[in-house]
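See below for the structure under consideration.
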Amino acid sequence: MSPLPSIVLSTGLIGAGALAWAFAGRPLTANPDLDVPLNPLGINRSPYGEVFAMAMQGPIDTFYDAGTSSAGPSHEHTTQAAPEEKPATTPEPEPPSLNARLGSLLSSLDEACELRTNPNRASEALKRHLRRQAEDKLRFAYQLDPSHYGNYNSLHFFLTEPELGTRPELTPSAAKLAEDTIQYCLKQDDDPRPALTAAAAATNILHLMFSDQLNATPKYSPAQMRQCLSLLDHCLARFTSISLEWDQTKHWDLLSPQRIAECAERFQFIGKIRDAAEKTVLRIEAEARAHQPPADI
């Protein structure tokens with residue numbers, strides 16, 4: 001057999017296989033159940049992801065401020081008083097060592113990479129780009145650990161503030177984020193802190209419901225608000241229950257006093273928001289009953 005027919009036959013078989021793969025793979029790509037987020041090495045929602053999520057908080061703030069801070073110091077010449085002459089007997093300082101000079105150089109380079117030298121103010125396009133980058137980093141940090149209290153609330157804040165968020169349909173996205181967070185956090189049975197994150201997500205949903213009442217045709221009813229308030233109470237009760245278990249097993253002793261104080265402060269803060277939300281729900285329920293037509297006798 002000559003080489004040419006063999007090449008043609010191989011090419012035909014490869015083309016037929018590619019065509020069959022394209023037709024067979026289309027139903028798989030269209031199946032939403034198989035559309036999973038990228039999770040390299042299984043880091044997302046793992047103990048390693050929890051550590052990375054805590055480490056992501058600082059770089060996000062630095063990245064967002066890098067392009068919006070003012071320009072560097074002015075290099076204009078200024079008139080200064082002539083320094084007094086030193087006595088001739090004053091010994092000259094010793095030159096810094098090589099390690100000291102290297103350390104100073106590295107510090108100056110680290111500051112220079114974040115220093116904005118453009119004398120003009122940041123354009124709207126640059127601000128939007130930086131907001132998008134910060135939002136993407138917050139979402140990445142959230143995917144690492146959806147139960148992290150700080151990263152979840154920061155991402156929710158970005159999605160609900162039009163001046164910060166960069167994507168349309170901010171409120172629906174924030175509501176779905178809160179619902180997904182609650183579902184994930186309530187599955188964590190070995191740590192009380194995710195329950196606080198779930199409680200914070202429940203308060204955010206209540207705030208979205210309250211804001212919806214300002215529309216001409218509200219989407220949420222008082223019954224749905226009452227149901228969300230009950231979910232908030234369940235999250236707080238879950239935190240209290242697991243916290244008592246940690247008291248007995250001495251797991252609280254494994255955390256730093258700062259972390260323990262953060263949990264206590266967040267619990268009290270969410271409790272105050274819960275009480276205020278209940279008063280708002282009672283007021284909305286009263287207004288709904290007042291607008292109902294009288295029942296026929």
Problem - Selection from region 133-152 of residues that are in a helix (DSSP H, G or I), at pLDDT 80 or above and either touching a Lys or Arg at 6+ places or on another chain (Cβ under 8 Å) or closer than 20 Å to residue 212 by Cβ (or both) - result: 143, 144, 149
Exercise for the section: For residue 208, state whether it is in contact (Cβ under 8 Å) with a residue 24 or more places away in the chain and not basic (Lys, Arg). Expected result: yes
Fill in the blank from the handout: Exception for residue 219 within (1) in contact with a helix residue (DSSP H, G or I) (Cβ under 9 Å, 6 or more places away or on another chain); (2) exposed (fewer than 14 other Cβ atoms within 10 Å of the Cβ); (3) over 17 Å from residue 280 (Cα atoms) falls at (3)
Exercise for the section: With the condition kept exactly as written, say whether any residue in region 102-113 is at pLDDT below 75 and in a loop (DSSP other than H, G, I, E, B). Expected result: yes
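This table checks each residue for (1) over 22 Å from the mean Cα position of the chain (by Cα); (2) not in a helix (DSSP H, G or I).
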site	(1), (2)
208	no, no
216	yes, yes
224	yes, no
234	yes, no
238	yes, no
262	no, no
267	no, no
Fill in the blank from the handout: Exactly one of 238, 226, 259 is among the basic types (Lys, Arg), farther than 19 Å from residue 147 by Cβ and surrounded by 11 or more Cβ atoms within 10 Å (Cβ to Cβ), and that residue is 226
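The values are calculated or read from the model by the stated rules, or taken from the named source; none is laboratory data. Since the model is a prediction, treat every value here as computed from it, not as a measurement. Counting neighbours? That spans all protein chains shown, and the Cβs are built from the backbone with ideal geometry, glycine included.
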